[in-house]
Amino acid sequence: MIIYGVYIVSKSGGLIFNLDNNVPRIEHEKTFTYPLDLVLDYDSKKVSVSFNRKDGINVGHVLVAVNGMPVNGVTLDDGRDVRTTLDAPENYPINLKFSRPKMTTNEKIFLASMFYPLFAIASQLSPEPKSSGIEILEADTFTLHCFQTLTGIKFIIISETGLNGIDLLLRKVYELYSDYVLKNPFYSLEMPIRCELFDNKLQELLAQVEKTGISNIDK
Amino acid sequence: MEKLEALKISSMRPRSNILDRPLSKGKTEVSQSIVALLFSEIVQYSQSRVFTVPELQTRLHDLGQDVGTRIIDLYFVRERSSKRETKLTQMLLFVKTTVWKNLFGKEAEKLEHANDDERTYYIIEKEPLVNTFISVPKDKGSLNCANFTAGIVEAVLTNCGFPCKVTAHWHKGTTYMVKFEDFVIARDKQMEEK
């Protein structure tokens, strides 16, 4: 069983904790000949594909290596500019490695605050009053499980599809939160969680779940 | 018939009145959550009234002393039939075992005597109860909230006639350094000679 990540959203909709647990690395490598048939977008921070998808390389993927040499932003490890390297015909054939961009913290905060209104809309869509909102959201590659506490804090776990008993795990995370975060005198409510003990215990819990399954969590 | 029923009821009554029974000891355990939340509040309260980390440690230490002075008599009456310890090692053992057990439900892990200084003793505790749920932020690196416990220990020892200074440090978990006044050591040696 694979758990991709754990997120905690405060009652005002801000992301206060996130943990990337087991994110699959999607990388594709291909040797190209001149002229390059991908249209690349040269940002100030990264080089990404903006047109033409092939062999797993998708629009939005970021260039991470040229001929096995890592790319830092828009320059190669040895200081050469990526654009001039790719524009020069004498460098071809050239081997390029693309990968799905890692989500930055800002993007995560953005997505977490997007989930908040979705949850609110879902609970209002219900014909019954006081519905809970989104509890499970299923996609073909992952499932999102959400648990909202009585105080309005949302615990979100992203996992692979077809798992049972994630709600138990969510409650266990809630327990850890109420122990190691709320009983910590140096934590102020609604603020990002920076508690060493909480991090450790959560990682221990996830490791245990991945090894032995959810049914074996001690209650 | 009525008489008979009345007789029945009276015979069913428990023989011993509640006033005749000895006082029940009651539950001696307290929920750890409550203790942790209360201690967390104590720390937050203290923190809002100080500016620096050392000040916060001193404040916790002082609060611990208040607790310490209040528990000595209680424990000596309960556990040692009102007899105080007079020997230094006995006193330290009393702190390590009895006091710890009554306060935290377990004994402290180790009691050590410093090699280079005969005035100094160490009480070592791997995971102090007060620190169970506390993660100290990086900007307060040296802070150890177990200074509260150090305050308790200091008050217990000092008020039993063994004046000392106790501080808490991050070392093998938490180490309480107990530094006695010179005359305490001298007096203890004298007693041994007799």
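Rolling a 1.4 angstrom probe over the protein heavy atoms, how many square angstrom per residue are accessible across the stretch B:143-194?
Details: 2340 Å² over 52 residues.
Value returned for the stretch B:143-194: 45 Å² of accessible area per residue.
Using the heavy atoms of the protein chains alone and a 1.4 angstrom probe, what is the accessible area of the stretch A:76-167 per residue in square angstrom?
Details: 5710 Å² over 92 residues.
About 62 Å² of surface per residue is accessible.
Please compute how much accessible surface disappears when B pairs with A, both sides summed, using a 1.4 Å probe, and round it to the nearest 100 Å². Provide the component values of the computation, followed by the final result.
Numbers: alone 13220 and 13110 Å², together 25190 Å².
Buried area (both sides, nearest 100 Å²): 1100 Å².
If you scale each eigenvalue of the Cα gyration tensor by 5 and take the root, what three semi-axes come out for chain A, rounded to whole angstrom and sorted largest first?
Numbers: eigenvalues 329, 73, 62 Å².
Gyration-tensor ellipsoid for chain A: 41, 19, 18 Å.
For the cross-link pairs A:K183/B:K126; B:K87/B:K110; A:K45/A:K172, which exceed 28 Å when the distance is taken from alpha carbon to alpha carbon?
Details: A:K183/B:K126 20 Å; B:K87/B:K110 19 Å; A:K45/A:K172 39 Å.
Distance filter (> 28 Å) returns A:K45/A:K172.
Taking the Cα centre of each part, how many Å lie between the stretch B:134-194 and the stretch B:76-123?
So the separation of the two Cα centres works out to 11 Å.
Which parts of the stretch B:120-155, residue by residue, lose 20 Å² or more of accessible area when the rest of the protein chains are there, as against the chain isolated (1.4 Å probe)?
Residues meeting the cut-off: B:T132, B:F133, B:I134, B:S135, B:P137.
Could you put A:Y180, A:Y174, B:Y45 in order of accessible surface area, largest first, with the 1.4 Å probe and the full protein assembly present? Please list the in-between numbers first.
Working: A:Y180 30, A:Y174 75, B:Y45 120 Å².
Largest accessible area first, the residues go B:Y45, A:Y174, A:Y180.
Return the FRET efficiency for the residue pair B:L37, A:E27: r is the Cβ-Cβ distance, R0 is 56 Å, and the value is rounded to the nearest 0.05.
On the way: r = 47 Å, r/R0 = 0.84.
It comes to 0.75.
Lys and Arg at +1, Asp and Glu at -1: add these up for the other residues within a Cβ distance under 10 Å of B:A108 and post the number.
Details: positive: B:K96, B:K101, B:K106, B:K110, B:K126; negative: B:E107, B:E109, B:E125.
Taking every other residue near B:A108 into account, the sum is +2.
At 1.4 Å probe size, with the rest of the protein present, what percent of the exposed accessible area of the protein assembly as shown is carbon and sulfur atoms? Write down the numbers at each step before the final one.
Details: 13410 of 25190 Å².
Of all accessible area on the protein assembly as shown, carbon and sulfur atoms account for 53 percent.
Can you grab the distance from the C-alpha centre of the stretch A:170-219 to the C-alpha centre of the stretch A:47-122, Å, no decimals?
Going from one Cα centre to the other spans 33 Å.
Can you tell me the relative contact order of the stretch B:90-136? Whole percent, Cα pairs under 8 Å, sequence separation 6 or more. List each step's numbers first, then the result.
Numbers: 40 pairs, mean separation 12.1, N = 47.
Dividing the mean separation by the residue count of the stretch B:90-136 yields 26 percent.
By the gyration tensor of its Cα atoms, with a ≥ b ≥ c the square roots of the eigenvalues, what is the shape of the stretch A:27-99: rounded for a/c under 1.5, prolate for a/b over b/c, or oblate?
Values: a/c = 1.40, a/b = 1.13, b/c = 1.23.
Rounded shape, in that the Cα axes give a/c under 1.5.
I'd like the distance between the alpha-carbon centres of the stretch A:5-32 and the stretch B:47-63, rounded to an integer number of Å.
For the stretch A:5-32 versus the stretch B:47-63, the Cα centre distance is 39 Å.
Roughly what would the spin-label model give for B:R84 and B:W170, points 7 Å off Cα along C-beta, in nm?
Each label point lies 7 Å from its Cα, and together they span 3.8 nm.
Considering amide H positions built from the backbone, and no H for Pro or chain starts, which residues 5 or more places from A:N95, or on another chain, come under 5 Å of its amide H?
Here the answer is A:F32, A:N67, since their amide H atoms fall under 5 Å of that of A:N95.
The values are calculated or read from the model by the stated rules, or taken from the named source; none is laboratory data. Predicted model, so just to flag it, every value in this text is computed and none were measured. A quick note on method: Cβ atoms are made from the backbone with ideal geometry, for glycine too, and the neighbour counts reach across all protein chains shown. Surface accessibility is based on the protein's heavy atoms, side chains included, excluding ligands, DNA and RNA. Shrake-Rupley method; radii C 1.70, N 1.55, O 1.52, S 1.80 Å.
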